[in-house]
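K.L.:
Below is one structure. I have some questions about it.
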Amino acid sequence: MSYVIGLDYGTDSVRALLVNAVSGETVESSVFTYPRWGQRLYCDASKSQFRQHPLDHLEGLEKTVSDVVIKSGVDKKQIKGICVDTTGSSPMAVNERGISLAMVPGYEENPNAMMVLWKDHTAIQEAAEITALSKTWGGEDFTKYSGGIYSSEWFWAKILSIHRKDKTVAKAAFSWMEHCDFITAILTGSNPKQIKRSRCAAGHKAMWHEDWQGLPSKEFLGLLDFSLSSLRDNLYSQTYTSNEPAGKISQEWASTLGLSEETLIAVGTIDAHAGAVGAGIGAYSLVKVIGTSTCDILVASRQEMEKKLVKGICGQVNGSVLPGMIGLEAGQAGFGDVLAWFSGILLGPFIELINSSNQIGFQDKAILLAEMKDRMLTYLSDEAQKLQKEASTPLALDWINGRRSPDVNESLQGGVLGLNMGTTAAHIFKSLVEALCFGSKRIIARFEEEGLRIEDIIAIGGVANKSSLVMQTMADVLQRTIKVTASTQTPALGSAIYAAVASQLYTSMDTAISAMGQGFNAIYSPDPQMEKFYADKYTHYLSLGSAAEEFSKSD
């Protein structure tokens, strides 16, 4: 028997999956919730600043992997490989040894020295500058394989913003590493010059492409800020796909985790792309990774793309999902986050009033508040499902956290239209669900407008597994059948599949996916009676979106 580990870093927690490499069966799993992130340290939601301390990630690495090794009782020599997937773009500044600056004396409490989480939107201005310069500087348009618009969620915008705001961090940073590269380097004991950088992260987030032999030129970067030009020397030119080995685990981490020093570490990747692999992606399949945000992943042959440039998406990169195929990514900047935001709006005053009450004891308060927090989303979903299918719900825009795709614009804001005295929390909640599904429809429409075929839709992620309201509404809005994967840890499973191929347990990704994939446990079919209702409402959604964009330009 041979086993592999998929290590999946999400927004709130990290999970390790020990997987039987023959059947894909999960042998053991472990989850670690980030303690500092749980306290929202180093974050300021009013400024869209979201930072994470690397100690959360390293403590999670040690806890989860050690857990699955010990609890499984598997001989460590049988654990052949590990692959790491993480959120992205989530870069952090590192020194020459690859240590995060947040772990260097003097920088331990500096948010700018920490990982800049994917949903941090503090670099909107810098992203706009990168987009504008790409069109006007007279050389290569480095955004052309990234949908033509650069995002504040991505690598260069975040680095440029911090270099301008914090000169001490800019000066101290030898290099910057994406989260997936950082953890892979930690496990292999590699420094920033040695580590094999992720093709997925580099191509989708840092404008890396074979056409210009790597990252954007020093000349281009220097026009943005001279510090970026010198930084480029300490970055990389080559990138690697996640079916390739990054190296063997270091002696230190093998001892810490209870693994053999022969354990192979695969090149890292981004969680959504690993999720697509775990879902069994193939040609003409769209995998929707539905969590706090969404990522919509497609693959197409190089012949089919033929230098085709898809406007307004998050990149098209050779090998970012499956080697030899072009991986395409789009997505929504908020999905589960939007529903959680509305739940928080309702809970906020209630929590304050209960906490300030003299009628309830401390212990009773804690029990009551915990129950309310746990039940609110379920309650709203249940109440929304009780509404008549054609009930007149308000019309909402899903841009609470800005718009990612199509045509990224993080400065856009959400809204709700059509409230009246009969509107309940359930009506508003359902309107938000509908808006999120309309946003998904816009992404599919853009892919198809650009000549890409979608024959199959697969959904994965926490929302897909837990909310029948969301998934049935999406099927009705799209008027397409949606299959939900049986695995509830699909990105971790996808990483395990990468690890199996990198460890040469399989000769190809196709054979590994076929052997280790877990199939589907739910299928949502569209209700034909809802087609006209949602087609009409979608038209109004588009009109409201256009009006909101015009309003934002005049603001």
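K.L.:
Could you tell me whether any residue of segment 190-211 is of a type outside the set (D, E, K, R), surrounded by fewer than 23 Cβ atoms within 10 Å (Cβ to Cβ) and within 18 Å of Ala499 (Cβ to Cβ)?
P.N.:
Yes: segment 190-211 contains one or more residues that are of a type outside the set (D, E, K, R), surrounded by fewer than 23 Cβ atoms within 10 Å (Cβ to Cβ) and within 18 Å of Ala499 (Cβ to Cβ).
K.L.:
Between residues in segment 31-44 that are under 11 Å from Leu55 (Cβ atoms) and residues that are among the acidic types (Asp, Glu) and crowded, with 18+ Cβ neighbours inside 10 Å, which pairs lie under 7 Å by C-beta distance while being six or more apart or on different chains?
P.N.:
Tyr34/Asp56; Pro35/Asp56; Arg36/Asp56; Trp37/Asp56
K.L.:
Mind checking which residues of segment 331-389 are touching a Lys or Arg at 6+ places or on another chain (Cβ under 7 Å) and under 26 Å from Ala272 (Cβ atoms)?
P.N.:
The answer is Gly331, Gln332, Ala333.
K.L.:
State the number of residues belonging to segment 344-393 that are part of a helix (DSSP H, G or I), among the small types (Gly, Ala, Ser) and closer than 29 Å to Ala475 by Cβ.
P.N.:
3
K.L.:
Every residue in segment 42-93 that is acidic (Asp, Glu) and part of a helix (DSSP H, G or I), please.
P.N.:
Scanning segment 42-93 gives Asp56, Glu59, Glu62, Asp67.
K.L.:
Something else: Look through Lys119, Lys135 and report the one residue that is in a loop (DSSP other than H, G, I, E, B), out of contact with any Lys or Arg (no Cβ under 9 Å at 6 or more places or on another chain) and charged (D, E, K, R).
P.N.:
Unique residue meeting the criteria: Lys119.
K.L.:
Sticking with this structure for a sec: Out of all the residues in segment 495-525, which are part of a helix (DSSP H, G or I) and not β-branched (Val, Ile, Thr)?
P.N.:
Ser495, Ala496, Tyr498, Ala499, Ala500, Ala502, Met509, Asp510, Ala512, Ser514, Ala515, Met516, listed by residue number.
K.L.:
I've got another one for you. Is there a residue being out of contact with any strand residue (DSSP E or B) (no Cβ under 9 Å at 6 or more places or on another chain), crowded, with 22+ Cβ neighbours inside 10 Å and either assigned to a strand (DSSP E or B) or not polar (S, T, N, Q) (or both) anywhere in segment 478-494?
P.N.:
no
K.L.:
Kindly list, by first and then second residue, each pair from a residue in segment 315-339 that is within 30 Å of Ala396 (Cβ to Cβ) and in contact (Cβ under 8 Å) with a residue 12 or more places away in the chain to a residue that is basic (Lys, Arg) and part of a loop (DSSP other than H, G, I, E, B), limited to pairs with Cβ atoms under 6 Å and residues at least 6 apart or on different chains.
P.N.:
Correct list of pairs: Gly331/Arg404; Gln332/Arg404; Ala333/Arg404.
K.L.:
Between a first residue in segment 356-385 that is in contact (Cβ under 8 Å) with a residue 60 or more places away in the chain and surrounded by 14 or more Cβ atoms within 10 Å (Cβ to Cβ) and a second residue that is of a type in the set (Lys, Arg) and part of a helix (DSSP H, G or I), which pairs have beta carbons less than 6 Å apart while being 6 or more apart in sequence or on different chains?
P.N.:
Close Cβ pairs (under 6 Å, with a partner that is of a type in the set (Lys, Arg) and part of a helix (DSSP H, G or I)) amount to Ala384/Lys430.
K.L.:
Kindly establish whether Gly336 is within 30 Å of Gln78 (Cα to Cα) and out of contact with any Asp or Glu (no Cβ under 8 Å at 6 or more places or on another chain).
P.N.:
no
K.L.:
Check off (1) within 25 Å of the chain's Cα centre (by Cα); (2) surrounded by fewer than 21 Cβ atoms within 10 Å (Cβ to Cβ); (3) of a type outside the set (S, T, N, Q); (4) under 22 Å from Val267 (Cβ atoms) for Met103 and give me the number that stays unchecked.
P.N.:
(4)
K.L.:
Just checking, does segment 458-474 include any residue being assigned to a loop (DSSP other than H, G, I, E, B), within 30 Å of Gln385 (Cα to Cα), in contact (Cβ under 8 Å) with a residue 60 or more places away in the chain and touching a helix residue (DSSP H, G or I) at 6+ places or on another chain (Cβ under 9 Å)?
P.N.:
Within segment 458-474 (the criterion being assigned to a loop (DSSP other than H, G, I, E, B), within 30 Å of Gln385 (Cα to Cα), in contact (Cβ under 8 Å) with a residue 60 or more places away in the chain and touching a helix residue (DSSP H, G or I) at 6+ places or on another chain (Cβ under 9 Å)), the answer is yes, since at least one residue qualifies.
K.L.:
Return the residue satisfying two criteria in turn: it lies in segment 495-525 and is touching a Pro at 6+ places or on another chain (Cβ under 8 Å) and not hydroxyl-bearing (Ser, Thr, Tyr), and of such residues it is surrounded by the most Cβ atoms within 10 Å (Cβ to Cβ).
P.N.:
Of everything passing the filter in segment 495-525, Ala502 is surrounded by the most Cβ atoms within 10 Å (Cβ to Cβ).
K.L.:
Tell me which residues, restricted to segment 45-71, are touching a residue at least 60 places away in the same chain (Cβ under 8 Å), surrounded by 15 or more Cβ atoms within 10 Å (Cβ to Cβ) and more than 20 Å from the chain's Cα centre (by Cα).
P.N.:
Within segment 45-71, Val65, Ser66, Val68, Val69 qualify.
K.L.:
Now for a separate question. At least 2 residues that are of a type in the set (Gly, Ala, Ser) and touching a residue at least 40 places away in the same chain (Cβ under 8 Å) in each: list the helices (runs of 4 or more DSSP H) lying fully within segment 145-219 that qualify.
P.N.:
Hits in segment 145-219: 167-172, 199-205.
K.L.:
Turning to a different aspect of this structure: If Glu450 satisfies all but one of (1) in contact with a strand residue (DSSP E or B) (Cβ under 9 Å, 6 or more places away or on another chain); (2) touching a residue at least 40 places away in the same chain (Cβ under 8 Å), what's the number of the condition it fails?
P.N.:
Among (1) in contact with a strand residue (DSSP E or B) (Cβ under 9 Å, 6 or more places away or on another chain); (2) touching a residue at least 40 places away in the same chain (Cβ under 8 Å), the lone unmet condition for Glu450 is (1).
K.L.:
Would you be able to tell me the number of residues in segment 275-304 that are under 21 Å from Cys83 (Cα atoms) and either surrounded by fewer than 21 Cβ atoms within 10 Å (Cβ to Cβ) or more than 16 Å from the chain's Cα centre (by Cα) (or both)?
P.N.:
Counting residues in segment 275-304 that are under 21 Å from Cys83 (Cα atoms) and either surrounded by fewer than 21 Cβ atoms within 10 Å (Cβ to Cβ) or more than 16 Å from the chain's Cα centre (by Cα) (or both) gives 4.
K.L.:
Which residues, taken from segment 526-555, are in contact with a helix residue (DSSP H, G or I) (Cβ under 6 Å, 6 or more places away or on another chain) and either assigned to a helix (DSSP H, G or I) or surrounded by fewer than 13 Cβ atoms within 10 Å (Cβ to Cβ) (or both)?
P.N.:
Met530, Tyr534, Tyr538, Tyr541 - these are the residues of segment 526-555 that are in contact with a helix residue (DSSP H, G or I) (Cβ under 6 Å, 6 or more places away or on another chain) and either assigned to a helix (DSSP H, G or I) or surrounded by fewer than 13 Cβ atoms within 10 Å (Cβ to Cβ) (or both).
Here is a yes/no grid of residues against (1) crowded, with 24+ Cβ neighbours inside 10 Å; (2) farther than 26 Å from Ala185 by Cα:
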residue: Ile124; (1), (2): no, yes
residue: Lys135; (1), (2): no, yes
residue: Gly139; (1), (2): no, yes
residue: Phe142; (1), (2): yes, yes
residue: Lys158; (1), (2): yes, no
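K.L.:
What tally of residues in segment 475-494 results from selecting those that are over 30 Å from Ala16 (Cβ atoms) and of a type outside the set (Asp, Glu)?
P.N.:
Residues that pass the stated criteria total 6.
K.L.:
Does segment 26-37 contain any residue that is surrounded by fewer than 23 Cβ atoms within 10 Å (Cβ to Cβ), part of a strand (DSSP E or B) and of a type in the set (Asp, Glu)?
P.N.:
The answer is yes, given that some residue of segment 26-37 is surrounded by fewer than 23 Cβ atoms within 10 Å (Cβ to Cβ), part of a strand (DSSP E or B) and of a type in the set (Asp, Glu).
Any read-out appearing in this document is the output of simple, stated calculations on the displayed coordinates, not a laboratory observation. Keep in mind it's a predicted model, so treat the numbers as computed, not measured. Every residue, glycine among them, receives a Cβ derived from its backbone with ideal geometry; neighbour counts consider all protein chains shown.
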